Amino acid sequence: MSQGASFLAQVEASFDRAAALTKHHPTLLGQIRQCNTVVQFSFPLRRDDGTLETIHAWRAEHSQHKLPTKGGIRYDVNVDAEETMALAALMTYKCAVVDVPFGGAKGGIAISRHKYSEGELERITRRYTFELVRKNYIGPGIDVPAPDFGTGPKEMAWIADTYAQIRSDDLNALGCVTGKPVQLGGIRGRTEATGRGVYFGVREACDVVEDMKALGLTPGLAGKRVVVQGLGNVGYHAAKFLEEGGAIIVGIAEREGALHNPKGLDLEKVVAHRKEKGTCLGFPGATDITQSLSALELDCDILVPAALERQLTAENAPKIKAKIIAEGANGPTTSEADAILQQRGVLVLPDLYLNAGGVTVSYFEWLKNLSHVRFGRMEKRFDEGFARGLLGGVERLTGKALGMKEKAELTHGADEIDLVNSGLEETMIGAYQGVRDTKVALGASVDLRTAAMVTAIDKVAVIYREMGIFP
Ligand code: NAD
């Protein structure tokens with residue numbers, strides 16, 4: 001399958017399209033576009049069977065206009081310098097769109113994690129961290145990694161532990177990485193944050209009556225038919241929250257194949273089936289699709305690519321039936337496919353906005369680590385007492401008493417998870433409105449991706465301008 005220009009070229013083309021709509025100085029635009037620094041290192045791994053192997057790894061810091069820089073670490077055989085730089089650039093723009101005060105970065109190790117034992121993965125992760133420390137590419141005020149494709153809380157725990165061992169005098173050592181298990185300085189709600197953010201973004205888009213009318217859809221998420229590619233962190237949680245929000249999951253695509261049931265698939269049952277059988281195929285009541293990629297062409301309202309980049313190409317874009325593409329993954333749509341989809345009137349909710357929930361909650365985790373206190377700990381009981389007093393006054397004045405359940409709900413003080421989810425919802429709603437307003441101001445021919453990029457460029461540009469570096 002032809003995938004067109006490289007991922008980096010794709011991100012840069014998207015930047016150039018947006019930059020042409022701004023009035024910033026060309027040198028300033030060049031500064032923002034350029035990846036500031038990228039480091040590559042190779043190190044040996046002794047495998048469990050005694051054989052030796054060389055591991056290749058990268059970390060790119062795209063923009064240090066704000067520090068620390070921030071971005072996930074990916075474990076995948078296709079990782080290379082270019083891909084890492086492309087993903088780091090996306091992080092800069094993503095953080096700007098959702099007002100998270102970080103520069104963009106990304107890391108990667110060229111391995112297929114399934115081919116390594118847990119002990120081997122631990123050795124690889126700890127050595128990678130050691131190299132990052134040695135090269136000054138990690139630290140709570142320098143560069144803060146997070147999970148991405150092929151990594152999760154366990155890898156983040158190994159990174160935090162390795163860093164803390166080396167920098168034992170750093171009081172804020174736990175803030176060197178986010179996405180950690182809650183017991184190790186992580187934050188409640190981080191694991192599901194990207195998928196939850198995808199849900200908030202899709203819900204927001206579906207609530208704009210005129211946009212839905214233009215697509216020939218009714219407003220609201222309820223009843224919308226969804227196909228999801230990837231049942232990993234982002235895909236699973238996006239599907240879960242969309243399902244809870246009233247959407248119907250009609251298709252699920254994984255690496256081994258895809259499932260289709262126009263009447264709806266029960267997500268939890270599919271997950272349990274896959275866990276038991278080692279494949280999603282053969283799920284009762286669903287049709288198997290052996291060519292997984294072709295599931296993207298299924299009849300549906302919303303397609304959520306949440307696995308890999310460059311899945312929607314010039315080849316399959318003309319055959320996509322979804323009216324809304326919700327980019328859970330980074331870079332799932334090539335520039336060629338983007339142009340075709342836009343021409344066909346499909347609404348693409350771009351990655352640099354839609355999957356920013358992860359970095360938003362990572363920001364909350366970093367703040368928690370620096371403040372050394374769990375969110376809600378100081379005010380929860382006080383707020384509950386205040387609300388109880390207020391309710392008591394209302395009851396006395398009205399002469400009516402509320403039921404126990406109602407009272408408990410109204411006087412509940414916010415826990416960490418409540419605050420995280422509320423902060424995430426506020427961020428995703430505010431950012432969608434900001435990007436959509438920019439789109440409206442730029443004119444009907446401008447798509448949401450370009451509008452989001454213009455929003456990001458303006459926000460980064462202002463930093464350099466305020467420093468008096470550029471006119
Ligand atoms: P993950 O490793 O948890 O899940 C990826 C899933 O995709 C796995 O279930 C895998 O089996 C599946 N997959 C792999 N190849 C496939 C194929 N050819 N067809 C269908 N499914 C396939 O990774 P993740 O963290 O969910 O990341 C997925 C995407 O989301 C990546 O592009 C990543 O950069 C992006 N992203 C992740 C986060 C995050 O917080 N984890 C945040 C922003 C963006």
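Filter the range 206-228 down to the residues that are away from the ligand (no atom under 16 Å from the Cβ) and in contact (Cβ under 8 Å) with a residue 60 or more places away in the chain and list them by number.
Just the residues of the range 206-228 that are away from the ligand (no atom under 16 Å from the Cβ), to begin with: 206-225.
Listed by number, the residues that qualify are 206, 208, 211, 214, 215, 216, 217, 224, 225.
Within the range 418-442, work out how many residues are farther than 17 Å from residue 208 by Cα and outside the structural domain of residue 202 (by TED's automatic domain parsing). Spell out the reasoning first.
Within the range 418-442, the subset farther than 17 Å from residue 208 by Cα is 418-424, 427, 442.
Add one more test, that the residue is outside the structural domain of residue 202 (by TED's automatic domain parsing), and what stays is 442.
Number of matching residues: 1.
Just wondering, is there one or more residues in the range 417-427 that are modelled with pLDDT under 95, of a type in the set (S, T, N, Q) and closer than 29 Å to residue 204 by Cα?
Of all residues in the range 417-427, those modelled with pLDDT under 95 come to none.
So far as the range 417-427 goes, no, none of its residues is modelled with pLDDT under 95, of a type in the set (S, T, N, Q) and closer than 29 Å to residue 204 by Cα.
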Residues of the range 270-320 being more than 13 Å from the ligand (Cβ to nearest atom) and either touching a His at 6+ places or on another chain (Cβ under 7 Å) or on the phi > 0 side of the Ramachandran plot (or both), in sequence order, are 282, 283, 285, 286, 287, 298
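For the range 115-211, which fully contained helices (runs of 4 or more DSSP H) count at least 1 residues that are touching a strand residue (DSSP E or B) at 6+ places or on another chain (Cβ under 7 Å) and among the small types (Gly, Ala, Ser)? Before you say what the answer is, go through the steps one by one.
Working: elements: 118-134, 153-166, 193-206.
Counting at least 1 such residues, we get 193-206.
Could you tell me which residue of the range 244-256 is nearest to the ligand (Cβ to nearest atom), considering only residues that are surrounded by fewer than 20 Cβ atoms within 10 Å (Cβ to Cβ) and of a type in the set (Asp, Glu)?
Of the residues in the range 244-256, the ones surrounded by fewer than 20 Cβ atoms within 10 Å (Cβ to Cβ) are 244-246, 248, 255-256.
So of that shortlist, the ones also of a type in the set (Asp, Glu) come out as 244, 256.
Working: 244: 18, 256: 8 Å.
Selected residue: 256.
With the condition kept exactly as written, say whether any residue in the range 118-132 is surrounded by 16 or more Cβ atoms within 10 Å (Cβ to Cβ), under 21 Å from residue 88 (Cα atoms), free of Cβ contacts under 8 Å to residues at least 40 places away in the same chain and within 14 Å of the ligand (Cβ to nearest atom).
From the range 118-132, those surrounded by 16 or more Cβ atoms within 10 Å (Cβ to Cβ) are 120-132; that's our starting set.
Filter once more, keeping what is under 21 Å from residue 88 (Cα atoms): 125, 128-132.
Within this subset, residues satisfying the condition of being free of Cβ contacts under 8 Å to residues at least 40 places away in the same chain are 125, 129-130.
Next, only the ones that are within 14 Å of the ligand (Cβ to nearest atom) stay: none.
Taking every residue of the range 118-132 in turn, none turns out to be surrounded by 16 or more Cβ atoms within 10 Å (Cβ to Cβ), under 21 Å from residue 88 (Cα atoms), free of Cβ contacts under 8 Å to residues at least 40 places away in the same chain and within 14 Å of the ligand (Cβ to nearest atom).
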Kindly list, by first and then second residue, each pair from a residue in the range 395-414 that is more than 14 Å from residue 381 (Cα to Cα) to a residue that is among the small types (Gly, Ala, Ser), limited to pairs with Cβ atoms under 7 Å and residues at least 6 apart or on different chains. 395/401
Top-ranked residue of the range 151-181 - restricted to ones that are within 16 Å of the ligand (Cβ to nearest atom) and β-branched (Val, Ile, Thr), ranked as surrounded by the fewest Cβ atoms within 10 Å (Cβ to Cβ): 151
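Would you mind finding the one in 259, 265, 231 that is among the hydrophobic types (A, V, I, L, M, F, W, C), free of Cβ contacts under 8 Å to residues at least 40 places away in the same chain and within 13 Å of the ligand (Cβ to nearest atom)?
Details: 265 fails: within 13 Å of the ligand (Cβ to nearest atom); 231 fails: free of Cβ contacts under 8 Å to residues at least 40 places away in the same chain.
It is 259.
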Being touching a helix residue (DSSP H, G or I) at 6+ places or on another chain (Cβ under 8 Å) and within 16 Å of the ligand (Cβ to nearest atom) is the filter here, so list the residues in the range 133-150 that pass it. 144, 145, 146, 147, 148, 150
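The values are calculated or read from the model by the stated rules, or taken from the named source; none is laboratory data. Please read these numbers as outputs of a predicted model, since none were measured by experiment. Don't worry about glycine lacking a Cβ; one is built from the backbone with ideal geometry, like all the others, and counts go over all protein chains shown.
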